[in-house]
Amino acid sequence: MVIIAGAYFAYLRAPDWLGEEPDPRSQEFLAKIAAEINRSIPVMIDQETELMPAVGAPGMLNYNYRLVNVSAAQVDHNKFASGAKERLKESACNRPETRDNFLKRA
């Protein structure tokens, strides 16, 4: 995750270094971030969850995860989505590099 955050931070800072200001909500911008994330995947997030390819879309960066020890039939989708959202807020959204360099720019 540190590698992903570092690559992401460097990518976000590059326009500033070049004097350009990209639209952080554009599909092009988000697709480039997804491509950077995808360079280091798949990666295990925890014992149960693997980060799979991300996708940039207009106004959205979509992360894809795979549960490695359960089948889709065993998952309560609402409970999983709720739990995943909370874990994401606790980890990524509370990191200064994510919050300051990405979320505040969107």
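Remark on TYR65: its backbone amide H falls under 5 Å from those of MET52, a criterion applied only to residues 5 or more positions apart or on other chains, H modelled at 1.01 Å from N. Annotation: peptides 53-60, 33-40, ranked by per-residue average of other Cβ atoms within 10 Å with the highest first, follow the order 33-40, 53-60. On the beta carbon distance between GLN74 and VAL43, with R0 = 25 Å, the FRET formula returns roughly 0.65.
The numbers here are math on the coordinates, done by the rules we state, and not lab data. No experiment lies behind these values; they were computed from the predicted model shown. Every residue, glycine as well, gets a Cβ built from its backbone with ideal geometry; the counts of neighbours run over all protein chains shown.
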